[in-house]
Amino acid sequence: PRVLLLHGPNLNLLGERDRATYGSTTLRDVEERVTALGAELGAEVRCAQSNSEGALIDLIHATRSGDSGIVFNPGAYAHYSYALRDAVEVVASLGIPCVEVHISNVHARESFRHTSVTAPVCQGMVSGHGVFGYELALRSVLHRIAEWGA
Ligand code: DQA
């Protein structure tokens, strides 16, 4: 199976931004680790990042041509983007599950981060496990894909 590892706004600055919250791992490190784990588990991982809501929607739609699942850190869009939520819902209804990842524990932070409008249309959400959360998310989405027989 092929999985899209998708990152939203400001996550291109991972490793530079607010290290106390997000750690010093860069986005490239995350992409390399997840890709390597995917290879170990027999999956191809495709990586993308955008700071734009519309571009993220297009990337989610594009999973219809050959991806079996998505691991998605929507950044702050998780808290208010109904358009991203709808995009995830559309591909989920076509059998492409999405697992949401937040590096930080969003529930331990400002109250506006306690809401995720995207999580309800995801298979599940991982938050507060640091970048290790991506491993959990990849394993989980691959488990779901195997169950569904994609
Ligand atoms: C984040 C949490 C969001 O609230 C924040 O806006 C981010 C990163 C995380 O990975 O912990 O950009 O998604």
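Okay, here's what the table says:
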| item | result |
| --- | --- |
| Coarse-grained scattering of the range 2-148 at q = 0.12, 0.14, 0.16, 0.17 Å⁻¹, given as base-10 log I(q)/I(0) from a Debye sum over alpha-carbon atoms | -0.42, -0.58, -0.78, -0.89 |
| Charge dipole magnitude, Cβ of K and R +1, D and E -1 - the chain, Cα centre, debye nearest 20 | 140 |
| Order by protection proxy (mean Cβ within 10 Å, highest first), peptides 92-101, 113-122 | 92-101, 113-122 |
| Per residue, the convex hull volume that the Cα atoms of the range 57-123 enclose (Å³) | 72 |
| Trypsin sites (Lys or Arg not before Pro) within the range 6-45: DSSP coil, no more than 13 neighbouring Cβ in 10 Å | 17 |
| Potential lengthening between residue 90 and residue 111 on full extension [0.36 nm per residue; Cα-Cα distance subtracted] | 4.8 nm |
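A short reminder: the numbers here are calculations on the coordinates, not readings from a lab. Only a predicted model underlies this, so the values are computations on that prediction, with no experimental measurement involved. When we count neighbours, we look across all protein chains shown, and the Cβ atoms used for this are built from the backbone with ideal geometry, even at glycine.
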